[in-house]
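Here, each number is a calculation from the coordinates, and none is a lab measurement. The model shown is predicted, which means the values in this text are computed figures rather than measured ones. Note that we place each Cβ from the backbone using ideal geometry, even for glycine, and neighbour counts take in every protein chain shown.
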Amino acid sequence: MNDRAALDLLLAHGPLSRTRIGKLTGLSKPTASQLLARLEAAGLVVATGTTEGRPGPNAQLYAVNARAAFVAGLDVTPRRIRAAVADVTGATVGEFELPTPGRRAESVVRQVAEALDGAVKAAGLTRSDVHRTVVGTPGAFDPSTGRLRYASHLPGWHSPTLLDELAAALPMPLEYENDVNLAAIAEQRLGAAHGHDDFVLLWNEEGLGAAVVIGGRLHRGFTGGAGEVGFLPVPGTPLVRQVTRANSGGFQELAGAQALPRLARELGVGGVGHGRHTEVAAALVARAAEAVTAGGAEAEPYGRLLDAYATGLATGLASMVAVLDPELVVLSGEAIAAGGEPLRERVQAELAELAASRPRLVLGAVRRHPVLRGALESALATTRDEVFDTTR
């Protein structure tokens, strides 16, 4: 217990002296010295220099040995696989992105291996150096069948033997998690939800989804489908039937990224542009937020666009809030983050009109690759428990 407490302190605070570790843990100097000697012999800490230049006598500083373990994370979409490798301190040491549009579906195992190898090579490592890999995908793998559900738009990932094939191809433990759940892990560990045990993360990029954290733990549901709120029936759109076949639902049609260009045209906002739904939506929302902040002639139509988008988001959120009564709602994903505070304020105001409870709404703080960061954080949590166990 003392060893793990010291390692956690070193991760949180950086290099510390023996005296400082003793004070923070409540251990005597001899016990702290024995602890550090044990951890150094185990290859878990290294001496990094002294306190020279600081007040008082010089003292040896110790830090977690960053090379004690490495983990990998993958963020999978229909367009690309983004991969990264982090050392045991959490520092990213290698990244790689593999474009995948138009790739043959049966090449999924090869794609995953290629993306992972690219990140491993960028880190100056080999596959065997990676202790664990966490893969984030849309949808979720059903624990009873091993098949991917709720993500019919991800070609090649629905084979009943895929997980076995990936396990055979890659020489480390593999875990799979929903992409929005991983964004929530990133926010819980490093971002806007840090210190919160009950929160919802609403995500809008290629699809509209949510992550639910109850009592500090992700709630995944019986088949892994908790948070697939894009399928939620909501007022304001026709009732969508055969939702898994359509890969859409009422909330997705009302407030998903693909709805923003239509809303803009209906409200007389010009320059909608063309391209991927998420990119077009994010550009529209960002331009609207800038216009209403600056004021002037464009503020009125753009303000109506933000109002309509906020109402759509709050409509689905109201149903979630009525069931879950969360302490906090984190707004994340490219098509939401682009709206910044002007959009957040509007969603908060609309939700206050539509929901009986009053959760606080905040913008996600992990802005760079939150799904990938969550995959690394998830892999690190398990790996640290294994590697930092000095009782073995």
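Miscellaneous remarks
- Residues 131, 277, 219 arranged by fewest to most Cβ contacts within 10 Å: 219, 277, 131
- FRET efficiency, 1/(1 + (r/R0)^6) with R0 22 Å, evaluated for residue 214 and residue 386 via beta carbons: 0.25
- Label-point separation, residue 297 to residue 358 (7 Å along Cα→Cβ), nm: 4.1
- Within the chain, percent of DSSP bridges classed antiparallel, to nearest 5: 60
- Between 80, 358, 110, the residue with the greatest mean-square fluctuation in the GNM of the chain (Cα pairs under 10 Å linked by springs) is 110.
- Applying 1/(1 + (r/R0)^6) with r as the Cβ-Cβ distance of residue 341 and residue 239 and R0 = 41 angstrom yields a FRET efficiency of 0.75.
- Using the Cβ-Cβ distance between residue 79 and residue 265 with R0 set to 30 Å, the FRET efficiency works out to roughly 0.75.
- Local electrostatic count, residue 10, Cβ distance below 15 Å [Lys/Arg +1, Asp/Glu -1]: +3
- Kirkwood Rh, Cα atoms: Rg over Rh of region 195-365: 0.96
- Summing +1 for each Lys or Arg and -1 for each Asp or Glu among the other residues whose beta-carbon sits under 12 angstrom from that of residue 230 gives -4.
- Calculated percent of Cα pairs over 30 Å apart (choose from (i) 35; (ii) 62; (iii) 47), label: (iii)
- Within the shell of other residues whose beta carbon sits under 12 angstrom from the beta carbon of residue 134, the net charge comes to -3, with Lys and Arg scored +1 and Asp and Glu -1.
- Extension reserve of the residue 368-residue 91 stretch, reckoned as 0.36 nm per residue once the Cα distance is removed: 98.3 nm
- Alpha carbon convex hull of region 2-64, projected area averaged over orientations, nm²: 3.9
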